[in-house]
Amino acid sequence: MKKSGWIIAGILTLALVFAAFPADAAEKIGFVNVQEILATSNAGKKELEDIRKGIEKTKAMLQEKETELKKLDEELKKQKPLLKEEVFKEKELSFQKKVRDYQISVKDANEEINVKQQEVAKKMLPEIQKLVQAIGEKEKYTMIIDSNVFLQTFNFGYFAKENDLTKRVLEEFNKTYKPKK
């Protein structure tokens, strides 16, 4: 679904939710920034540190390849006037292949990072969801929305800071979350 389709679906969903409640009922809507919880929780920090260590190793390896490519490029430019055209073209093709291999390595590294971040989120999100649901039920919230997703989806928005439950959920998450091995 295109972005505009998601926006329309989101607006319709919100309209249906609000239409389902009587106008005189006290609406209580809370907000949570799930991304912040994932990044700043004790478990999230540990997981992100592990990912960062892997990134540093990969970055060093890619830096080596990049340095090697720069040297090869400089050598190729210096040798161009001295080489026969056929030999130069062979070397140039070999260089271009190495550049493509490097680009593929960078793309693969970025995809691996994204996969690891998604795995971390997948592990922690169910517990965060339970905590949000418990707060919602206990304190009679009509709904609790991920503020980060809401603001990104609608490119505008306002919410009262007193309705931001992020710190409460974060504190409870730090107390209760036990990573599964």
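Let me confirm something: among E74, E90, E127, E68, which residue is of a type in the set (D, E) and surrounded by fewer than 12 Cβ atoms within 10 Å (Cβ to Cβ)?
E74
Being over 22 Å from I51 (Cβ atoms), out of contact with any strand residue (DSSP E or B) (no Cβ under 6 Å at 6 or more places or on another chain), at pLDDT 90 or above and acidic (D, E), is that true of even one residue in region 124-138?
Yes, some residue in region 124-138 is over 22 Å from I51 (Cβ atoms), out of contact with any strand residue (DSSP E or B) (no Cβ under 6 Å at 6 or more places or on another chain), at pLDDT 90 or above and acidic (D, E).
With the structure loaded, tell me whether I104 is modelled with pLDDT of 90 or more, open to solvent by 70 Å² or more (accessible area, probe 1.4 Å) and over 15 Å from the mean Cα position of the chain (by Cα) or whether it fails that test.
yes
Being in a helix (DSSP H, G or I) and either touching a residue at least 12 places away in the same chain (Cβ under 8 Å) or among the acidic types (D, E) (or both) narrows it down to one residue among E36, E27; which is it?
Criteria check complete, one pass: E36.
Looking at this structure, is F159 touching a residue at least 40 places away in the same chain (Cβ under 8 Å), within 24 Å of A43 (Cβ to Cβ), surrounded by 12 or more Cβ atoms within 10 Å (Cβ to Cβ) and aromatic (F, W, Y)?
It is false that F159 is touching a residue at least 40 places away in the same chain (Cβ under 8 Å), within 24 Å of A43 (Cβ to Cβ), surrounded by 12 or more Cβ atoms within 10 Å (Cβ to Cβ) and aromatic (F, W, Y).
The values are calculated or read from the model by the stated rules, or taken from the named source; none is laboratory data. What you see is a predicted model; the values in this text were computed from it and never measured. All Cβ positions, even for glycine, are placed from backbone atoms using ideal geometry, and neighbour counts span all protein chains on display. Side chains included, ligands, DNA and RNA excluded: accessible areas come from the protein's heavy atoms. Shrake-Rupley method; radii C 1.70, N 1.55, O 1.52, S 1.80 Å.
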